[in-house]
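Taking it in order: structure first as structure tokens, then the write-up.
The values are calculated or read from the model by the stated rules, or taken from the named source; none is laboratory data. What you see is a predicted model; the values in this text were computed from it and never measured. Cβ atoms come from the backbone with ideal geometry, glycine included; neighbour counts cover every protein chain shown. To get the accessible areas, we keep the full protein, side chains included, count just its heavy atoms, and leave off ligands, DNA and RNA. Shrake-Rupley method; radii C 1.70, N 1.55, O 1.52, S 1.80 Å.
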Amino acid sequence: MRARIRPVWGLVALASVWLAVSGQQRLSVRNFPADGVLLLGAAVVLFLLAVVWKGRENPPLWPNNSAPRDNSPQVNLTRGRLRRALFGLAVVLAAVAFASLAKNRFTVRGVVCWVVATVAWILAMVQVSPQGIVQPVLSRVRSFIRERGVQKRVDWVALCFVGILALSFFFHLYRVSEVPAEPQSDHVEASEDVRSILKGQYMIYFPRNTGREGTQFYLTALLSRLFGYGFTTLKLTMALVGMLNIIPMYFLGKELADRKLGLLAAFAIAVSYWHLIVSRIGWRIVLMPFWTTTVLWLLLRALRTGRRNDYIWTGLALGAGLYGYMSFRIMPFLVIVFFGIKLLFDREPGFSLRRLLGNLGALAGTAALVYLPLIRYQYDEPRMYWYRVLTRTTDLERPVGQSSLTVFVDNVRRALLMFNWTGDAAWTASVPTRPILDYVSGGLFVLGAAYLLYLLVARRRPLALYWLAAAFMTLLPSTMSVAFPIENPSNIRASGVIPVMLVLVALPLYLVGRQVVRVLRGGLGWALVLTLGGLLLYRSAMLNFHLFYVDYDEQYRRAAWNATDMARVMNGFADTLGSIYDAYCIGTAYWVDHRAIALSIPNMEWNNLIMDMREAEPHLLEPRNRLYIYNPSNTAAERWLLTHYPNGQLLRYQAFQADKDFMVFYAPAQQSPAPLAGQ
């Protein structure tokens, strides 16, 4: 009888996924939302019944997964006087670097001392096998050759990963020059920071535009040496980072369970519309999910293995991430929370508090040394470094209208709704108010969150505590905006939660797939999983593709001023009738940023803005072909041009929508301009 019932649970698991996706579809389009909630509720019940059927399902989740364990003893690479000398060298050189990195500049002496101090610290802290370094490496190479080198079978996981990497390449780089279509003022500010690097100003922190970390600007400056500099280069740099984020995401999923979950997690982030936006927007935002994913992977591995070297790797990633995006500053606190959970709720047999604290010291010391230049900048300019954070979390810029706690609680509520109900309202980084997940991913996310709560309440698994802490903490950069609650939920500031959320999207597929294969034997289970799972993943990919390349692209173009059209007209003038330096933008309040035109030309030296037509009077004394672009509402500028250039040619550039039209006035050199007033 039991044998006959077993296949039913596989079908129930599949039905739960279908119900969840159907329910989320109704929520996403606001079509019968009550029905959507009921469907999601039924899906959760069926899903939990199916995957924990009679308690027999025990998926290999962290820390009891199938990841290989190295239980061999470890000893310090350096010992005795040499180790003490390395510690002393690290301290002395760190002090010299701290002194040499003043005035917000990377100097040769400062950088050399900083790098050598970090290397000395790592050499003093790193541990190796008692056999040394070379022998274990040779043993692993021989084992790989013996076990895999003679195999004729293709590793299907490697093939799938290469396919996902190719998919990520396509999603992140397709039409990179066209989407997003227009640069904004923040892009201009970023471009100015890149220009400062190209001119030899190697700043530690970039105070322009309320302050920003420098990783994006240095990477873009490097890429500009190869491809030239412009808006596309700005987008391309971060798009490449986003494309490569599938690598740490795969290892995070593998650490949490096995290679199958790693592949599903990598696929989820490769096609995610949210991750695609923060990768392609041309700002440094994607560095937040990239380094968050990396730190979560390395930290969980370190907590599982207890190896000193894993903690050192985590410290390196933590310190590097602090040069990425402001929201990453929450991650050191998350590391502390993880250690607290380890200490209170996750003590394995043979737990050693002394060893845990030693490893924490290794992690913190490594991160602090990597972070040293920014520590110096904070010492010199604490207000600038923390200005943006404090204006959102305190009353530094504007008073908080009501209790900060009340606002924070409401912010948390609205942030939790962004995944399935109402998302970010900012057009630059979202399709306004739309849930941040497509309806396939949204339904799976509900099932994954339900399973996480099951692990916490019924199984009391520490993994659930770690993951809930990660979700709560990575949302804080958005939810702590108590001075500007309208900015919450923010797809940008909450981008650190992307890997946490997408693991919960991948987890139900992983669990259902395992259950179906287990109860439907003889190949039928695998056939169903591969067919239905493939169709579901394909549908999710297509939905995310449409969300970014159609919905997001269209609404972005509607909201942004068309600086690229203006740059195209000016470039056409420069190529045929004159010089780009004889093309002018006549400014109007709340209209296009003329620097965005310069970025689109691309020529950041171009700065021909006229705010008062008296600034154009010297042009009358220097007869050259000139071009003027202005807003159709600026009738005063139009009268001035027609009066002083009676032989000029005026036309209206018709954009893709009427409110983006602009006027183009060509003033030829060969004419007799009207006299200036007073002559």
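Scan around A583 for amide H atoms under 5 Å from its own, H built in the peptide plane at 1.01 Å from N, and keep only partners 5 or more places away or cross-chain.
Here L627 satisfy the definition.
What Kirkwood Rh does the range 4-52 have if only Cα atoms enter the pairwise 1/r average? Answer in Å.
Answer for the range 4-52: a Kirkwood hydrodynamic radius of 10.8 Å.
With axes computed from alpha carbons, what is the tilt in degrees of helix 331-345 against the longest principal axis of the chain, rounded to the nearest 10 within 0 to 90?
On a 0 to 90 degree scale, this one is about 20.
Check the chain and count each lysine pair with an alpha-carbon distance under 27 angstrom, considering only pairs eight or more places apart or from different chains.
Summing the qualifying lysine pairs gives 9.
With each run of n ≥ 4 DSSP H residues scored as -39500 (n - 2.57), what mean residue ellipticity at 222 nm is computed for the chain after dividing by its residue count and rounding to the nearest 500 deg cm²/dmol?
-19500 deg cm²/dmol
What number, in percent, do you get for the relative contact order of the chain if the mean sequence gap of Cα pairs under 8 Å and at least 6 apart is divided by its residue count?
15
Enter the accessible area of H546 (Å², nearest 10), with the probe set to 1.4 Å and all protein chains included.
90
For R354 and R413, calculate 0.36 nm times their separation in residues minus their Cα-Cα distance, and state this gained length in nm to one decimal.
Full-extension gain reported as 17.3 nm.
Taking amide H atoms as placed 1.01 Å from N in the peptide plane, list the residues 5 or more away in sequence, or in a different chain, whose amide H sits under 5 Å from that of T394.
It is A483, by chain and number.
Set Lys and Arg Cβ to +1 and Asp and Glu Cβ to -1, take the dipole of the chain about its Cα centre, and tell me which of N603, L318, G306 lies farthest positive.
Working it through, the farthest residue towards the positive pole turns out to be G306.
On a 0 to 90 degree scale, rounded to 10, what angle separates helix 382-393 from the longest Cα axis of the chain?
Taking the Cα atoms of the chain, the angle to 382-393 is about 80 degrees.
Highest mean first, what order results for 265-273, 594-602 on Cβ atoms within 10 Å?
Going by the mean number of other Cβ atoms within 10 Å, highest first, we get 265-273, 594-602.
Cα axis of helix 287-305 to longest principal axis of the chain: angle in degrees, 0 to 90, nearest 10?
Helix 287-305 sits roughly 20 degrees off the main axis of the chain.
Cα atoms only: what Rg and Dmax, in Å, come out for the chain?
28.9, 107
Going by average Cβ neighbours within 10 Å, how do the peptides 94-102, 219-227, 276-284 rank, with the highest at the top?
276-284, 94-102, 219-227
Evaluate the range 410-498: find the radius of gyration of its Cα atoms, find its Kirkwood radius, and give the ratio Rg to Rh.
Reported Rg/Rh (Cα atoms, Kirkwood Rh): 1.00.
Using θ = phi - 60° and the Karplus relation 6.51 cos²θ - 1.76 cosθ + 1.60, list the HN-Hα couplings for the range 648-661 in order, rounded to whole Hz, with x at every Gly or Pro.
x, 10, 10, 9, 9, 7, 8, 7, 5, 9, 4, 6, 9, 4
Could you order peptides 112-120, 78-86, 475-483 by the average number of other Cβ atoms within 10 Å of their residues, highest first?
475-483, 112-120, 78-86
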